[in-house]
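> Please find one structure pasted underneath; my questions will follow.
The values are calculated or read from the model by the stated rules, or taken from the named source; none is laboratory data. Note that the structure is predicted; figures quoted are calculated from it, not measured. Here Cβ is always computed from backbone atoms with ideal geometry, including for glycine, and neighbour counts include all displayed protein chains. Ligands, DNA and RNA are stripped out before the accessible areas are found, and what is left, the full protein with its side chains, is counted by its heavy atoms. Shrake-Rupley method; radii C 1.70, N 1.55, O 1.52, S 1.80 Å.
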Amino acid sequence: MVQALDETERARRREDALAVVADPPADDLTAVALTWVDTSGITRTKAVPFNRLIDAAEWGVGMSPVFDAFLLDDSIVSGEYAGGPSGDLRLHPVLDRLVPLAAMPGWAWAPAERFTQEGAPHPIDARWLLGREAGLLAAEGLRVLAAFEVEWAVSKGDGEDFSPACNGPAYGMTRIGELSDYLRDVLLALEASGVAVVQIHPEYAAGQLELSVACDDPLSAADTLVLVRTVIRAVSFRHGLAASFSPKVTADAVGNGGHVHLSLWREEAPGKRVNLMAGGDGPFGMTRRGESFAAGILEHLPALLALGAPAVASYLRLVPSHWAGAFACWGLENREAALRFVQGPAGFRAVSSNLEVKCFDGAANPYLALAALLAAGRAGLESGGVLPEPLNDVDPALLDADERAARGIRPLPSSLEEAVAAFEKDPLMRASFGDAFVDTVAVVRRGEAALFEGSTPEEIAAATRWRH
Ligand code: GLU
Ligand code: MG
């Protein structure tokens with residue numbers, strides 16, 4: 001949990017920064033970029049010279065709270081709780097995540113925590129909300145491990161248009177051959193920044209690639225996503241390429257998902273924990289608590305989409321039969337279910353069994369996406385939620401509407417407006433995150449919906465392509 005910044009805490013942070021400066025993680029560090037992710041999923045930053053890190057750790061760096069009300073085109077909406085010109089916040093680097101950025105020589109990166117000038121956590125700061133959710137589970141002896149898959153499309157980088165940087169087929173080895181120097185540099189830069197990549201491959205759409213990273217606690221998983229994107233963008237620039245993480249890079253192709261993997265663990269003793277997604281007598285070996293956690297997520301998915309699929313472009317991606325998970329159902333290894341249960345190989349399931357939320361995308365603020373998933377999972381635990389029958393072998397789009405209804409399978413919201421309405425209607429969101437947060441998210445989402453009213457899919461894709 002984040003400590004309020006009293007004298008002792010500030011002194012502790014100063015000591016930590018002194019230690020980093022005395023023994024820097026790389027030679028010749030010139031500057032540190034402090035990042036946070038705004039309501040609309042865009043990573044924003046302020047940077048300090050490396051020798052200012054100590055003051056930044058103790059006193060923070062000034063930043064307007066207005067960014068809570070920024071839209072993806074940098075225009076600003078005005079809500080009851082955010083969007084005004086006054087006030088100030090302080091960005092404090094999270095020093096234990098500070099790493100050098102190998103693809104940006106001289107630069108280091110650290111995620112920022114946002115505090116008020118009085119030293120309290122900013123009550124709608126995404127990173128703080130996620131830390132609080134993880135803390136609530138921890139208080140019950142539970143821990144989530146999470147990881148975001150990163151899909152991106154790489155363009156030749158000549159201008160605003162998307163022009164695929166490789167021609168080879170989906171999943172084709174040709175693409176690795178075409179981009180081998182680039183992909184090697186992505187892997188090297190990530191390794192130098194301490195990211196544990198577990199896999200990298202060419203994806204389906206033209207120029208599309210994907211990498212996955214090891215699972216971690218929720219805050220670290222969200223930080224890692226920001227870092228991975230920063231590194232991929234930087235390596236792309238150095239190769240004269242441009243990376244798009246947008247949910248819909250071009251109107252006619254499969255988009256970029258931001259699938260979230262989650263497993264729930266019970267802390268048995270310090271250093272010993274048990275995966276509640278395996279070894280039980282629930283469906284496919286889930287424990288009953290693992291099942292309840294999953295049931296909570298499934299139940300709240302329509303509302304969660306306002307955080308996990310936050311852009312107008314998200315709903316160009318989230319269509320049936322595109323492996324994006326457009327129906328609120330779950331199934332074993334079903335890539336058309338919004339919630340896919342992944343078991344992994346027999347013999348390894350106590351480690352590998354996990355849930356994959358497929359309907360979330362690359363525009364999501366990872367802190368908010370995870371905070372909402374944890375809140376929904378916890379609500380499922382509290383109510384003893386039970387999963388409906390799984391849909392394992394069939395694309396829900398191929399069932400007729402009556403059969404879907406009989407099985408309790410609903411289509412997820414098909415527009416940002418629908419998702420926001422579900423979000424505002426779901427009492428869990430207000431109970432978990434408060435009125436200021438719910439109001440701010442709703443105002444930002446409606447602002448983005450208004451921004452694109454009457455726009456064609458091509459126009460929406462073009463305006464979103466290089467923003468996240
Ligand atoms: N690109 C797809 C999406 O939009 C996902 C493909 C896959 O299942 O990895 O989510
Ligand atoms: Mg994929």
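> What's the local net charge at Leu209, with K and R +1, D and E -1, over the other residues with C-beta under 12 Å away? Walk me through the numbers before you get to the answer.
Values: positive: Arg175; negative: Glu149, Glu151, Glu178, Glu203, Glu210.
Combined, the nearby Lys, Arg, Asp and Glu give -4.
> What are the trypsin sites (Lys or Arg not before Pro) within region 388-468 that DSSP puts in a loop, where the Cβ has at most 16 other Cβ atoms within 10 Å? Numbers along the way, then the final one.
Values: sites: Arg404, Arg407, Lys425, Arg430, Arg445, Arg446, Arg465, Arg467; in loops: Arg407, Arg465, Arg467.
The qualifying sites are Arg407.
> If packing is taken as the average number of other Cβ atoms within 10 Å across a peptide's residues, how do 134-146, 103-115 rank, most packed first? Spell out each step's value before the answer.
Numbers: 134-146: 17.5, 103-115: 21.7.
Sorting 134-146, 103-115 by mean packing, highest first, produces 103-115, 134-146.
> Would you mind calculating the relative contact order of the chain from Cα pairs under 8 angstrom and at least 6 residues apart, reporting the percent as a whole number?
Result for the chain is 17 percent.
> What accessible area per residue, rounded to a whole number of Å², is obtained for the chain using a probe radius of 1.4 Å?
Numbers: 18320 Å² over 468 residues.
Here the per-residue accessible area is 39 Å².
> Using the beta-carbon distance between Asn51 and Leu187 and R0 = 22 Å, what value does 1/(1 + (r/R0)^6) give for FRET efficiency, to the nearest 0.05? Before the final figure, lay out the partial values.
On the way: r = 31 Å, r/R0 = 1.41.
Computed FRET efficiency for Asn51 and Leu187: 0.10.
> In nm, to one decimal, how far is the Met173 label point from the Phe348 one, both placed 7 Å along Cα→Cβ?
Spacing of the two 7 Å Cα→Cβ label points: 2.2 nm.
> Could you give the distance between the Cα centres of region 116-135 and region 180-234, to the whole Å?
Centre-to-centre (Cα) distance: 27 Å.
> Using the beta-carbon distance between Arg12 and Ala139 and R0 = 25 Å, what value does 1/(1 + (r/R0)^6) give for FRET efficiency, to the nearest 0.05?
Values: r = 23 Å, r/R0 = 0.91.
With R0 = 25 Å, the Cβ-Cβ based efficiency is 0.65.
> Carbon and sulfur together cover what percent of the accessible area of the chain at a 1.4 Å probe radius?
Carbon and sulfur: 53 percent of the exposed surface of the chain.
> Can you compute 3J(HN,Hα) from phi for each residue in region 36-53, using the Karplus curve 6.51 cos²θ - 1.76 cosθ + 1.60 with θ = phi - 60°, rounded to whole Hz and x for Gly and Pro?
9, 10, 7, 4, 8, x, 9, 7, 10, 8, 9, 10, 10, x, 4, 6, 9, 4
> Which value in deg cm²/dmol, rounded to the nearest 500, describes the helix-derived mean residue ellipticity at 222 nm for the chain, given -39,500 (n - 2.57) per DSSP H run of n ≥ 4 and division by the residue count?
On the way: 15 runs with 171 residues, N = 468.
The per-residue figure over the chain is -11000 deg cm²/dmol.
> Treating cross-link reach as a plain straight distance, find the lysines whose alpha-carbon is under 24 Å from the alpha-carbon of Lys46, omitting any fewer than eight places away in the same chain.
Within the straight-line limit of under 24 Å, Lys46 reaches no lysines at all.
> If you don't mind, there's one more thing I want to ask. Please list, or write none, the aspartates and glutamates whose alpha carbon is within less than 16 Å of the alpha carbon of Lys156, excluding same-chain residues fewer than 8 places away.
The reachable aspartates and glutamates, counting only those whose Cα sits under 16 Å from Lys156, are Glu178, Asp181.
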